[in-house]
Amino acid sequence: MTDEPQKQPTLTSNEAQTDSTWSQEVLSRLAFSALNEQRRARRWNIFFRSLLFAYLFLILFLIFLPPEEAATRLTTTKHTALVEVRGVIADDADASADNVVTGLRAAFENKHSAGVIVRINSPGGSPVQAGYINDEIRRLRDKYPDKPVYAVVTDICASGGYYVAAAADEIYADKASIVGSIGVLMSSFGLVEAMDKLGIERRLLTAGENKGFLDPFSPSKDADVAHARRLLQTIHQQFIDVVKEGRGERLKEDETMFSGLIWTGEQSLEMGLIDGLGSSSYVAREIIGAEKIVDYTPSPDYLERFAGRLGASAAAVLGERFGLTGPGLK
């Protein structure tokens, strides 16, 4: 037997054309499938990027939005509004009238706030700034008669701090809180004798006979002292009138009440300077009836804080660079 070579199958022209068409269709489908996959991946990529940008925008919005505005816009349930009066009451301090009044307005304007707590921890300060805050509390009370406002004392509520508290419907404090100091002071130094001993000559030039009023380097004048006392008495009487108007018949007769003395919370309750003993949470829960507390106290925005820290850091670096720091210069 002879082995004959096997014949390879031969494709006709039609079969070859069909096979070529099928290959092209497969390649086209693969290409379109890859293209569609790229498009889907691109769409998902755009979607997730947009979601990330939206999330970052929301975070930045909440960070840079002033706290009182954030609270006003985002709090939609019943709550007790809180505004802090913390530290010295002065134009350039955290407890300035501008800051406190801004928080108070936001607290009263929110329709979901059931009441407002002014939490005070202040030794006092400017009678003008305290007067601005007192006036605004009374104005807001008249504008929102159904929204009570309570002053709550933590460590101390003295002088200008009590000036602010007197505008509230009621005042609460801890039994060990320091309350009072209803008075006015003006302090200075007399350096005349020290200058004489050191041989220092004072050369004061003025235009106006009273322009050197109470100059600490010159001998005091009886007329200057008398005028200063009249000023203090006038401001003191304004303080007394504000306290009497705010507290009314709740004040007990006591000759030392307006002498500038201070008392504990327990003593203040007996004298009618406060209405009860309790904390902010107690007032919110038991008196206002809204246990949730939302803080409306304005605070420096993050850009200002960053700029302040950056400036302080730059000053420290320059001080070290040029030898301007030391035990006596810090």
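The values are calculated or read from the model by the stated rules, or taken from the named source; none is laboratory data. Bear in mind the structure is a predicted one, so any value in this text is a computation, not a measurement. Virtual Cβ from ideal backbone geometry, glycine too; neighbours counted across all protein chains shown.
For the subset of the range 163-187 comprising residues that are aliphatic (A, V, I, L, M) and within 23 Å of the chain's Cα centre (by Cα), which member is surrounded by the fewest Cβ atoms within 10 Å (Cβ to Cβ)?
Among those that are aliphatic (A, V, I, L, M) and within 23 Å of the chain's Cα centre (by Cα), it is Ala166.
Among the candidates Leu329, Leu318, single out the residue that is at pLDDT below 95 and surrounded by 11 or more Cβ atoms within 10 Å (Cβ to Cβ).
Exactly one of Leu329, Leu318 is at pLDDT below 95 and surrounded by 11 or more Cβ atoms within 10 Å (Cβ to Cβ), namely Leu318.
Would you call Leu232 on the phi > 0 side of the Ramachandran plot and surrounded by 12 or more Cβ atoms within 10 Å (Cβ to Cβ)?
no
Just name the residue that is nearest to Gly103 (Cα to Cα) out of those in the range 149-178 that are among the charged types (D, E, K, R) and not in a loop (DSSP other than H, G, I, E, B).
Within the range 149-178, the match that is nearest to Gly103 (Cα to Cα) is Glu170.
Touching a residue at least 24 places away in the same chain (Cβ under 8 Å) and farther than 16 Å from Ser268 by Cα: which single residue out of Gly161, Gly208, Gly124, Gly199 fits that description?
Criteria check complete, one pass: Gly124.
Matching residues to (1) surrounded by fewer than 15 Cβ atoms within 10 Å (Cβ to Cβ); (2) at pLDDT below 95; (3) β-branched (Val, Ile, Thr):
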{"position": "Phe213", "(1), (2), (3)": "yes, yes, no"}
{"position": "Pro219", "(1), (2), (3)": "yes, yes, no"}
{"position": "Ala223", "(1), (2), (3)": "yes, yes, no"}
{"position": "Gly248", "(1), (2), (3)": "yes, yes, no"}
{"position": "Lys252", "(1), (2), (3)": "yes, yes, no"}
{"position": "Leu261", "(1), (2), (3)": "yes, no, no"}
{"position": "Ser268", "(1), (2), (3)": "no, no, no"}
{"position": "Met271", "(1), (2), (3)": "no, no, no"}
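Write out, first by first residue and then by second, each pair whose Cβ atoms fall under 7 Å of each other, whose residues are 6+ apart or on separate chains, and whose first residue, in the range 217-234, is in contact (Cβ under 8 Å) with a residue 12 or more places away in the chain while the second is surrounded by 11 or more Cβ atoms within 10 Å (Cβ to Cβ) and not hydrophobic (A, V, I, L, M, F, W, C).
Sorted first by the residue in the range 217-234, then by its partner, the pairs are Phe217/Arg202; Ser218/Arg202; Ser218/Gly212; Ser220/Gly190.
Given the conditions (1) β-branched (Val, Ile, Thr); (2) at pLDDT 90 or above; (3) surrounded by fewer than 11 Cβ atoms within 10 Å (Cβ to Cβ), report the number of the one that Thr206 does not fulfil.
(2)
Looking at the structure I just gave you, is Asp174 among the acidic types (Asp, Glu) and in contact with a Lys or Arg (Cβ under 8 Å, 6 or more places away or on another chain)?
no
What pairs come out if I take residues in the range 285-298 that are under 12 Å from Lys78 (Cβ atoms) and pair them with residues that are among the aromatic types (Phe, Trp, Tyr) and crowded, with 20+ Cβ neighbours inside 10 Å whose C-beta lies under 8 Å away, six or more apart or interchain?
Here the result reads Ile288/Tyr150, each pair linking the range 285-298 to a residue that is among the aromatic types (Phe, Trp, Tyr) and crowded, with 20+ Cβ neighbours inside 10 Å.
For the range 207-223, check the following and say yes or no: at least one residue is closer than 28 Å to Phe258 by Cα, touching a Lys or Arg at 6+ places or on another chain (Cβ under 9 Å) and not assigned by TED's automatic domain parsing to the domain that holds Phe258.
Looking for residues that are closer than 28 Å to Phe258 by Cα, touching a Lys or Arg at 6+ places or on another chain (Cβ under 9 Å) and not assigned by TED's automatic domain parsing to the domain that holds Phe258, one finds at least one in the range 207-223, hence yes.
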